[in-house]
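Peer 1: First, the structure itself, so that you have it in front of you.
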Amino acid sequence: AQKITQTQPGMFVQEKEAVTLDCTYDTSDPSYGLFWYKQPSSGEMIFLIYQGSYDQQNATEGRYSLNFQKARKSANLVISASQLGDSAMYFCAMRERNGGFKTIFGAGTRLFVKA
Amino acid sequence: GAGVSQSPRYKVAKRGQDVALRCDPISGHVSLFWYQQALGQGPEFLTYFQNEAQLDKSGLPSDRFFAERPEGSVSTLKIQRTQQEDSAVYLCASSPRLAGMIQETQYFGPGTRLLVL
């Protein structure tokens, strides 16, 4: 079974608008962390935001916020005020307390920001 | 400061050749990870080093894959007798502390794109 599911292969958003990238996850470990990374065409993964399973509030980092719905096992990324430079691949990822040293990534969503 | 660097950035190999991919982590980083990213997919974990100790190699797809980090800094991922299915981007990541903390941020390099013909 897929541990991280990103159902949107591609998304378009108009510059300056907000966009939500979906992520659902599957784990039986009560302690886990969820990450979002951005991968521009240059190739390196850039950390954006982190949400711990016990965190009471949704994580925010500048224009990025994570809509964490624990009961639904979803961790959607919201990008506000999109910029042309936001065009990239976005990956949702998870680490489990009992998962050893592995970070598990989804298949990614390609975001296109239109001028 | 310098980030994680990887070399070569691109490698073309003939099937059956051996290749060596290098990763220079951020200076002082304890943890080092290797990932394989197939085209159109997310990265998949290969192996983890804590300093020079390889603590997890459960993601290495076969015994043709070998990784080392002899002095706890630079790491090399070696693939013997390459096959076409080894074609992928190989990403290296480092982090300053031990990997036991779930929230530990990993800093990624630009990757090496390997094409096996």
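The values are calculated or read from the model by the stated rules, or taken from the named source; none is laboratory data. Quantities reported herein were computed from a predicted structural model and do not represent experimental measurements. So basically every Cβ, Gly included, is an ideal-geometry build from the backbone, and we count neighbours across all protein chains shown.
Peer 1: Among the numbered criteria (1) farther than 20 Å from A:Lys3 by Cα; (2) in a loop (DSSP other than H, G, I, E, B); (3) polar (S, T, N, Q), which single criterion is violated by B:Gln54?
Peer 2: Checking B:Gln54 against (1) farther than 20 Å from A:Lys3 by Cα; (2) in a loop (DSSP other than H, G, I, E, B); (3) polar (S, T, N, Q), the one that fails is (2).
Peer 1: Quick test of your reading of the structure: A:Phe91 fulfils all but one of (1) within 19 Å of A:Glu61 (Cβ to Cβ); (2) at the interface with another protein chain (Cβ under 8 Å from one of its Cβ atoms); (3) surrounded by fewer than 18 Cβ atoms within 10 Å (Cβ to Cβ). Name the failing condition by number.
Peer 2: Answer for A:Phe91: the failing condition is (3).
Peer 1: Looking at (1) part of a loop (DSSP other than H, G, I, E, B); (2) within 14 Å of another protein chain (Cβ to nearest Cβ); (3) within 30 Å of A:Ser53 (Cβ to Cβ), find the lone condition where B:Gly28 falls short.
Peer 2: Of (1) part of a loop (DSSP other than H, G, I, E, B); (2) within 14 Å of another protein chain (Cβ to nearest Cβ); (3) within 30 Å of A:Ser53 (Cβ to Cβ), only one is false for B:Gly28: (2).
Peer 1: Follow-up. Scan (1) within 30 Å of A:Gly52 (Cβ to Cβ); (2) out of contact with any Asp or Glu (no Cβ under 7 Å at 6 or more places or on another chain); (3) exposed (fewer than 15 other Cβ atoms within 10 Å of the Cβ) for the single condition B:Arg97 breaks and write down its number.
Peer 2: Every listed condition holds for B:Arg97 apart from (2).
Peer 1: Only one of these is modelled with pLDDT of 95 or more, assigned to a strand (DSSP E or B), small (Gly, Ala, Ser) and surrounded by 14 or more Cβ atoms within 10 Å (Cβ to Cβ): A:Ser82, A:Ser65. Name it.
Peer 2: Working: A:Ser82 fails: assigned to a strand (DSSP E or B).
On inspection, the qualifying residue turns out to be A:Ser65.
Peer 1: I've got another one for you. Consider A:Ser53 carefully, then state whether it is within 22 Å of B:Glu104 (Cα to Cα), crowded, with 17+ Cβ neighbours inside 10 Å and of a type in the set (Gly, Ala, Ser).
Peer 2: Yes.
Peer 1: Shifting gears a bit: Tell me, please, whether a residue that is within 11 Å of another protein chain (Cβ to nearest Cβ) and exposed (fewer than 13 other Cβ atoms within 10 Å of the Cβ) can be found in region A:68-76.
Peer 2: Within region A:68-76, none of the residues are within 11 Å of another protein chain (Cβ to nearest Cβ) and exposed (fewer than 13 other Cβ atoms within 10 Å of the Cβ).
Peer 1: Counting only residues that are surrounded by fewer than 18 Cβ atoms within 10 Å (Cβ to Cβ) and polar (S, T, N, Q), which one in region B:37-53 is nearest to B:Ala88 (Cα to Cα)?
Peer 2: Ranking the qualifying residues of region B:37-53, first place goes to B:Gln41.
Peer 1: Tell me which residues, restricted to region B:1-36, are of a type outside the set (A, V, I, L, M, F, W, C) and either without any contact (Cβ under 8 Å) to a residue 12 or more places away in the chain or crowded, with 20+ Cβ neighbours inside 10 Å (or both). If you could, list the steps in order and put the result at the bottom.
Peer 2: Let us first name the residues in region B:1-36 that are of a type outside the set (A, V, I, L, M, F, W, C), namely B:1, B:3, B:5-11, B:14-18, B:22, B:24-25, B:27-29, B:31, B:35-36.
Of everything in region B:1-36, those that are of a type outside the set (A, V, I, L, M, F, W, C) and either without any contact (Cβ under 8 Å) to a residue 12 or more places away in the chain or crowded, with 20+ Cβ neighbours inside 10 Å (or both) turn out to be B:Gln6, B:Pro25, B:Ser31, B:Tyr35, B:Gln36.
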